[in-house]
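Quick notes on the structure that follows.
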Amino acid sequence: MSPNSRRHRTTRLLHRGRAGFGENGLAPVNQPPVRASTIRATDLETFERESPYATKGTDTTRALGAALREVEGGDACHLCPSGLAAIAVALTALTRSGDHILVSDALYFPTRRLLNTLLKDYGVSTTYFGPHATTDEIAAMMRDDTAVVFLESPGSDTLEVLDVPAIAAAARQRGAVTMIDNTWSAGWLFDPFAAGCAVSIQAATKYQAGHGDVLLGAVLSTDEVADRIAHAHLSLGQCPGSEEAWLTLRGLRTMPLRLQRQGEGALKIAHWLTERDEVAAVLHPALPGHPGHEIFQRDFTGASGLFSFVLKPEYDDAATRRMLDGLELFGLGASWGGYESLVMRKRVREIRSVSDWPHDGWLIRLSIGLEEPDDLMADLQAGLERL
Ligand SMILES: Cc1ncc(COP(=O)(O)O)c(C=O)c1O
């Protein structure tokens, strides 16, 4: 066993993907951004062997890829200009016309749009399963032409937890590949490869970059599918900008600390919300009453800072506007995972395909940042009183 493999993951993350020493024996702490389209070769033999071009990677993107693999595992990492681009690369890489995709109904909406429009037009069909379906029910929906089972756990906005190891095992038996959008766990709190997934997607825009100023995605994969992912990635020209890769690598070094702090703050606020009269339900998998709590305890090493709650149905459009417009610390923003807390509201029924949603009130999604949880609760309390 090498000394590196005995070290804690946090330590390994800090020392992976560092800048190499120059000819003078010196190196900066952080990998600098390499700005390149052309990559020159010393001689024709090298040029013809490597066929170098910056879409294939630079020192910056290679360093980030190595650090992301240190976080999450996998044999290969392909970087994309956004999380959604990473989803699109992975799905187009592993499906062909005539294939079928099975997917959870609690899905990031743009993934649903991709499946229901572009991929459908290319001859790839999709079936949705309810996010509370049992593994047997999901396995029964797998068909001979099912190429991919695409999971999100916890589910987007509504935080249902899936039994990923059991679903991935059933998919493997049927010859299908399991892919997971593992953004909620930042690849740090849930191990998709130990659970049997062949592909894990990160919207590194969220926790890895962590500062609300970067769009970047990553497709991590095992050897069994890495060549197909590499082919789609290169053919579609999906390379991120150098500044984005550099900023994500910089943000990634502090991700474990931020995640821990944001996760603790979120759980404290979630507990507090369960006591509020205005609230019909708090959707957070680390709360003991959550339907996926047991699986969450078994499979996750902690919670991140994104969760939702549902208001009682008497609070209408105008009331929630009063609540959200007056918040001082929570920004109104659609992304999440950064250092600043964010809020948005949703009508879940409008985005579901097959499953019933039991609540009539507005869903409020919170991304808890690094502010003191007490200050955030005071901001929310004033908002709830404005309802
Ligand atoms: C679960 C999930 N996956 C993927 C994405 C896409 O990330 P990006 O904004 O980098 O395209 C998001 C963005 O909100 C998301 O919430």
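Coordinate-derived values only; no laboratory data. Computed from a prediction, not measured in an experiment: that's the story for all the values here. FYI the Cβ positions are ideal-geometry reconstructions off the backbone, even for glycines, and counts take in every protein chain you see.
At-a-glance table
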read-out	value
Criterion (touching a residue at least 40 places away in the same chain (Cβ under 8 Å), more than 15 Å from Thr111 (Cβ to Cβ), surrounded by fewer than 19 Cβ atoms within 10 Å (Cβ to Cβ) and not β-branched (Val, Ile, Thr)) met by exactly one of Asp136, Asp163, Asp145	Asp145
Candidate set from the range 149-174 (those that are touching a Ser or Thr at 6+ places or on another chain (Cβ under 7 Å) and assigned to a strand (DSSP E or B)); member that is nearest to Pro288 (Cα to Cα)	Glu152
Qualifying residue in the range 255-268 (condition: free of Cβ contacts under 8 Å to residues at least 60 places away in the same chain, in contact with a strand residue (DSSP E or B) (Cβ under 9 Å, 6 or more places away or on another chain) and part of a helix (DSSP H, G or I))	yes
The range 211-268: number of residues that are under 15 Å from Ala54 (Cα atoms) and not charged (D, E, K, R)	13
Among residues of the range 107-125, those that are buried (at least 21 other Cβ atoms within 10 Å of the Cβ) and in contact with a His (Cβ under 9 Å, 6 or more places away or on another chain), counted	1
Evaluation of Lys346 against (1) within 14 Å of the ligand (Cβ to nearest atom); (2) closer than 22 Å to Asp277 by Cβ; (3) out of contact with any strand residue (DSSP E or B) (no Cβ under 8 Å at 6 or more places or on another chain) (one fails), failing number	(3)
Evaluation of Met344 against (1) within 30 Å of Ile138 (Cα to Cα); (2) without any contact (Cβ under 8 Å) to a residue 24 or more places away in the chain (one fails), failing number	(1)
Members of the range 178-225 that are near the ligand (Cβ under 10 Å from one of its atoms), buried (at least 24 other Cβ atoms within 10 Å of the Cβ) and more than 14 Å from Leu68 (Cβ to Cβ)	Asp181, Trp184
Entirely in the range 1-114, the helices (runs of 4 or more DSSP H) that have 1 or more residues that are within 21 Å of Ser185 (Cβ to Cβ)	9-15, 59-72, 83-93, 109-114
Among the residues listed as Ala36, Ala27, Ala41, the single one being surrounded by 11 or more Cβ atoms within 10 Å (Cβ to Cβ) and closer than 15 Å to Trp246 by Cα	Ala36
